[in-house]
Structure formats: C-alpha cells, structure tokens
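Working notes, beginning with the structure itself.
Nothing in this text is a laboratory measurement; each read-out follows from the coordinates by a stated rule. Note that this is a predicted model, so its numbers are computed, not measured. For neighbour counting, all protein chains shown are included, and Cβ atoms are generated from backbone atoms with ideal geometry for every residue, glycine included.
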Amino acid sequence: MKVEDLLSQAGEWLKGTGPESDIVISSRVRLARNLRRFPFLTVASASVRSEVEKFVRVRLENGKLPRKLVYWGLDDLSNVERTLLVERHLISREHAQAEGDRGVAVGPDESISIMVNEEDHLRLQVIRSGLQLDEAYDEIDRMDTALEGTLNFAYSPRFGYLTACPTNVGTGLRISVMMHLPAAVLSKQMDKVLQSLQRLNYTVRGFYGEGTSPLGDFYQVSNQITLGKSERDIIAEMKKVIPEILKFERSWRHQLLSSEPKRLEDRVWRAYGVLKHARRITSEEATELLSALRLGVYLNLVTGIPHKLINELFIFTQPGHLQKVERRSLEPDERDTVRAEYIRRKLEGV
Amino acid sequence: MNCEKCHKNHATYHLTAKENGVMKEAHLCEECARQAGVNLKFNFTIGELLGTLMEPAKGGTSKANQVRCPECGISYSEFKTKARLGCANDYEVFRTELLRLLEKIHGSTSHAGKTPQTVDAQVRIENELMRLKRDLESVVKSEDFEKAAQIRDRIRSLETELNKK
C-alpha cells in the first residue's frame with residue numbers, strides 16, 4: 001500500500017456509521033510504550049534512534065500480529081504525504097515535522113496505526129467511528145499484547161509502563177473522543193462544558209490535537225490521568241461523562257430548532273449555498289460552513305447528503321489531501337480555487 | 001496562595017513567562033487570569049502545564065537537582081526544563097521528586113493497570129542479575145577469579161536473554 005492509496009478509501013472512522021455519530025465523530029485510544037533496553041528519545045543519539053527504528057520496524061512488518069501492517073519511514077515520504085497522514089489522524093503533527101529516523105505502521109482500514117520514534121519509542125493508536133471505546137480498547141490491547149511477544153517494554157510494577165513524559169506513565173493510555181458541538185457553541189454554552197470537563201480532569205482540544213484551536217465546532221475530549229486507575233476504569237469513567245455532553249448538545253440542538261427555526265435554517269442553507277457555488281474558499285471557511293451544513297444534515301433540515309460524504313469533506317478539503325487528489329503541489333492561493341471546485345463537484349452529484 | 005492581583009481568591013493559575021531572558025511568575029485566580037487575557041482553554045502545552053506543577057527550582061543548586069542518572073546522564077533540573085525524562089532508570093534515580101510530581105498530576109503514585117505477560121520472567125532475570133553483580137564484586141575482592149569468571153558468564157547469558165527483545 002502507498003500513501004496515495006489512502007485517497008481511494010476513506011478510513012473506517014470517517015464513515016459516520018458508529019453509535020452516536022450525530023455528535024461523536026470518532027473514538028481514539030492510544031498507548032505509549034518504550035523499549036526496555038534503549039534510552040528514551042529525549043537523549044537518544046541519531047544512531048540509537050536509527051537502531052530503535054530498525055529493531056521495531058522488522059517486528060511490526062514480520063511479527064505475528066493480529067493485523068497486517070504497512071510501514072512507512074517518514075523521511076521516505078514527501079511533505080505532502082506526511083501532511084496527508086496528519087490530516088488522516090494517522091500521525092501527529094510533531095511526528096510529521098520532527099527530524100531523524102522515524103516512521104509509522106498502518107493497518108488495512110486505517111483503524112490502527114503505530115508511530116515509531118515519536119515522543120516514545122512506540123505510540124499505538126486505534127480509531128473507531130462514533131462512540132466505541134470498549135471496541136477500540138479491545139483492539140489496541142490485542143495488538144499491545146501481541147507486541148509484548150517480541151518487544152520488552154519498559155515497565156515497573158510500581159509505576160507501570162514508563163514513558164518519557166510523566167503525564168503518560170502508568171497505563172500510557174490516552175482516550176480521545178472527537179465531538180461535533182455546534183449547538184453548544186451557538187447557544188454560548190461551550191465555556192460551561194469546558195469548565196466542567198476540566199474540573200473532572202479531562203482536557204479539551206481542537207481537531208488536530210495538542211495546541212490546535214477548535215475549528216468547525218469540533219472538540220476532542222481526553223483523559224488526563226493515566227496512573228492509579230486501570231484501563232477499564234479510565235474507559236468506564238469516560239463512558240459516563242460523554243453521554244452527559246451528548247444529552248446537552250442534543251437538547252440545545254432541539255432548543256435552537258424550536259425557538260429560532262428560521263435563523264437556524266437560514267444559517268444551514270446559507271452555508272450550503274456558499275459551499276455549492278463559491279469559486280474560492282479557504283480551509284477555515286470551508287470547515288466552518290461544513291460544520292453548519294453537518295448540523296443541518298443531522299437535524300434533517302437538508303436531506304439527501306450522505307453522512308459519509310460530509311465527514312469526508314472535512315478531511316479531503318485539507319491542504320495535504322487536496323494536493324494529493326490534484327497530484328501536484330499547490331500554492332495557498334491556488335488551493336482555495338481548487339478546494340471550491342472540489343466541494344462543488346462533490347455536492348453536485350447529491 | 002492568594003491571587004496576586006485581587007488578593008481575594010485562591011490562585012489557581014500559575015503562569016511563567018520569559019521576559020528579556022528572565023523567568024517571571026504570576027499567580028492568579030481564574031477571574032483575574034481571564035481579565036489579563038490568558039486563554040484558559042487551549043494555549044498551554046504539556047511542558048508549561050508541568051512547569052506549573054513542578055517545585056520551583058531552588059536556584060538550580062540544590063543537591064537533588066544535580067544528581068545525574070548513571071544510565072542516560074540527565075539531572076532532575078534538566079528534566080524540569082525539558083519536561084521529558086531520559087530513560088526508564090530515571091524513575092528510580094529521581095524517585096522521591098517524581099513521587100511528588102506524579103501525585104500532583106495523577107492524584108496517585110501507583111500503577112493499577114495492565115501488567116505485561118512477560119514481566120514476571122523479566123523481573124526474575126533482573127533480580128538475578130542484580131544479585132550476581134553483587135556476588136561478582138565480592139568474589140573479585142576476595143580474588144576468587146575462577147568463580148568470578150563463572151559469574152561473569154552467567155551475567156552475560158542473562159543479559160543476552162534480556163536484550164533479545
């Protein structure tokens with residue numbers, strides 16, 4: 001499989017088919033792991049780094065693992081390809097931009113990926129469509145256990161899995177639920193949601209993780225605590241918190257619908273109009289408008305647009321995808337024109 | 001600690017910033033932090049978050065800050081600036097300091113999750129290695145070189161076993 005082939009498929013998590021997918025885009029779990037016999041990457045020399053990569057790569061490609069993985073060394077990829085992997089949530093932005101030997105192994109439907117030599121030697125990740133935390137954890141747990149057969153992870157009975165940053169030590173488990181919360185934003189309730197989540201030790205981030213601002217009303221909620229609780233307990237707590245947010249978002253959606261139906265309809269249809277007819281559109285504007293359209297689609301104000309299509313448009317209108325679809329590099333200015341064309345083409349067939 | 005600005009509420013935001021090369025600190029309550037234009041939601045990195053949780057460096061001269069890990073060579077004060085440890089052994093070398101930090105971050109200092117299936121074998125080998133290395137020292141001191149050679153061979157074979165994975 002080549003990076004290009006990702007364009008002809010959409011990734012399981014983008015399908016919009018999982019439970020609660022009117023609000024929850026995806027459930028992501030990740031495990032941080034380090035090899036016992038190598039120093040962490042913070043102090044690793046270029047040659048140690050390279051040794052770690054080779055050592056892990058062979059085992060990811062040829063080991064007896066529950067999923068067949070394809071491995072890409074990140075320095076063998078172009079800038080655009082690395083950007084595409086970031087947009088697809090298969091690697092982090094930091095991993096794309098870092099230097100030195102590093103890579104990523106990806107499973108067939110993109111639901112599993114393993115970054116090698118990111119902040120820790122291994123970062124395993126599983127993404128599922130909608131709210132599927134147990135399913136996602138089961139899959140990552142199977143992969144982790146299989147990897148234990150060929151890799152000795154740094155582990156201490158007291159502190160658990162040892163990580164470069166103490167914020168990840170213990171289970172090494174970070175769960176992130178990506179949600180679309182346009183009604184919370186429109187009803188000016190988002191601050192309250194954020195505050196109560198912070199009080200419960202959850203962090204909230206934008207679409208592309210750490211340090212990114214919320215765009216298009218997408219929010220990613222993650223657990224902060226990784227030590228002192230079992231994996232199942234961390235998941236169970238998350239499974240109590242998320243439905244509360246869903247309940248509020250749904251009630252705000254219906255409140256908007258009953259109190260100001262015309263204003264909401266107008267917002268949705270204007271967004272649809274611009275997306276359908278614009279000749280130039282920036283990534284930010286497209287995301288904002290797609291967010292309004294997505295709300296309209298799920299409230300049945302606009303019919304006939306498949307959920308999968310709207311989810312895909314968020315990703316395929318990002319710079320990396322756009323350039324890969326066009327098979328050439330595009331100046332930012334040119335991108336806006338191509339993006340508008342792409343969206344028009346996709347919405348025309350609807 | 002009370003807020004430096006209103007002197008009324010509890011300071012929950014401990015901010016650090018570099019100004020003309022000098023580290024400055026501010027301790028504010030949520031309300032004053034908001035008024036000061038601090039974005040309370042998104043604009044912090046894990047490093048900054050850790051910075052606010054860690055003990056203030058006592059001029060960087062305190063003894064604990066200077067101890068270096070024999071395996072990776074970093075000191076606790078270097079960890080404080082980078083917010084990243086250098087190797088697995090650091091968790092033992094900086095145990096006391098880390099226990100305090102982990103309590104603040106996680107509200108706990110003990111793992112309660114998954115145990116690798118291979119860990120029992122691994123711990124057993126590590127324990128035996130530790131014992132053999134002590135034995136080696138004492139037999140070398142007593143100049144029992146035949147015994148020392150035997151122990152060294154055993155250490156080598158155990159280390160190979162441990163490093164296969």
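Compute and list, largest first, the equivalent-ellipsoid semi-axes of the stretch A:92-199 from the alpha carbon gyration tensor, each √(5λ) rounded to a whole angstrom. Before the final figure, lay out each step's value.
Details: eigenvalues 170, 62, 53 Å².
Calculated on Cα positions only, the semi-axes equal 29, 18, 16 Å.
Of the cross-linked pairs A:LYS54/B:LYS164; B:LYS80/B:LYS104; A:LYS2/A:LYS324; A:LYS15/A:LYS239; A:LYS276/A:LYS308, which ones have a Cα-Cα span greater than 19 Å in the structure shown?
Table pairs above 19 Å Cα-Cα are A:LYS15/A:LYS239.
Counting Lys and Arg as +1 and Asp and Glu as -1, each charge on the Cβ, what is the dipole of the stretch A:260-348 about the Cα centre in debye, to the nearest 20?
260 debye
Give me the percent of Cα-Cα pairs in the stretch A:260-348 that sit more than 16 Å apart, rounded to a whole number.
Details: 1935 of 3916 pairs.
Looking at the stretch A:260-348, the distances longer than 16 Å represent 49 percent of pairs.
List the residues whose amide H sits under 5 Å from the amide H of B:CYS87, counting only those 5 or more places along or on another chain, with H placed 1.01 Å from N in the peptide plane.
Excluding prolines and chain starts, which carry no amide H, the hits are A:PHE40.
Please name whichever of A:LEU41, A:THR17, A:TRP72 sits farthest to the positive end of the charge dipole of the stretch A:3-252, dipole taken about the Cα centre and charges placed at Cβ: Lys and Arg +1, Asp and Glu -1.
The residue sitting most towards the positive pole is A:LEU41.
Any idea what diffusion coefficient the stretch A:1-127 gets from Stokes-Einstein, in µm²/s, Kirkwood Rh on alpha carbon pairs, 37 °C, 0.692 mPa s?
Estimated diffusion coefficient is 216 µm²/s.
At a threshold of 8 angstrom on Cα-Cα distance, excluding pairs fewer than six apart, so keeping six or more, what relative contact order does chain A reach in percent? Kindly include the intermediate steps, with their values, before the conclusion.
Details: 592 pairs, mean separation 71.3, N = 350.
Relative contact order here is 20 percent.
Might you report the magnitude of the Cβ-based charge dipole of the stretch A:23-126 about its Cα centre, with Lys and Arg at +1 and Asp and Glu at -1, to the nearest 20 debye?
520 debye
Mind checking which aspartates and glutamates have their C-alpha under 19 Å from A:LYS64, skipping anything on the same chain fewer than 8 residues away?
Candidates past the 8-residue exclusion: A:GLU53, A:ASP109, A:GLU110, A:ASP138, A:GLU139, A:ASP141, A:ASP144, A:GLU148.
Going Cα to Cα from A:LYS192, which aspartates and glutamates come in below 16 Å? Please leave out same-chain ones fewer than 8 positions away.
A:ASP217, A:GLU244, A:GLU249, B:GLU30, B:GLU31
Can you give the Kirkwood hydrodynamic radius for the stretch B:92-164, in Å, rounded to one decimal and based on Cα pairs?
After inverting the pairwise mean of 1/r, the radius is 15.0 Å.
Given C-alpha coordinates of the stretch A:97-141, what is the ratio Rg to Rh with the Kirkwood estimate of Rh?
Over the Cα atoms of the stretch A:97-141, Rg/Rh equals 1.04.
How about the stretch A:281-329: which trypsin sites (Lys or Arg not before Pro) there are in a DSSP loop, with at most 13 other Cβ atoms within 10 Å of their Cβ?
Sites meeting the loop and neighbour criteria: A:ARG327, A:ARG328.
In whole Å and largest first, what semi-axes does the C-alpha gyration tensor of chain A yield when each eigenvalue is scaled by 5 and square-rooted?
35, 25, 16
Based on Cα positions only, what radius of gyration and what Dmax would you give for the stretch A:48-94, in angstroms?
Here Rg and the maximum Cα pair distance are 12.2, 32 Å.
Mind checking which of B:PRO70, B:CYS87, B:ILE125 is farthest towards the positive end of the stretch B:64-165's charge dipole, using Cβ charges of +1 (Lys, Arg) and -1 (Asp, Glu) about the Cα centre?
Positive-most Cα among the choices belongs to B:CYS87.
In what order do A:THR83, A:THR287, A:THR317 fall by count of nearby beta-carbon atoms within 10 Å, going from fewest to most?
A:THR287, A:THR83, A:THR317
Hey, got the dipole for the protein assembly as shown? About the Cα centre, +1 on K and R Cβ, -1 on D and E Cβ, debye to the nearest 20?
540 debye
Per-residue HN-Hα couplings for the stretch A:72-83, Karplus 6.51 cos²θ - 1.76 cosθ + 1.60 at θ = phi - 60°, whole Hz, x for Gly and Pro?
10, x, 5, 6, 7, 9, 7, 4, 4, 5, 5, 4
Any idea what diffusion coefficient the stretch A:307-350 gets from Stokes-Einstein, in µm²/s, Kirkwood Rh on alpha carbon pairs, 10 °C, 1.306 mPa s? Show your work: numbers first, answer last.
On the way: Rh = 10.6 Å.
Once the numbers are plugged in, D ends up at 150 µm²/s.
Return one number: the angle in degrees, 0 to 90 and rounded to the nearest 10, between the long axis of the Cα atoms of helix A:133-148 and the longest principal axis of the Cα atoms of chain A.
The answer is roughly 20 degrees.
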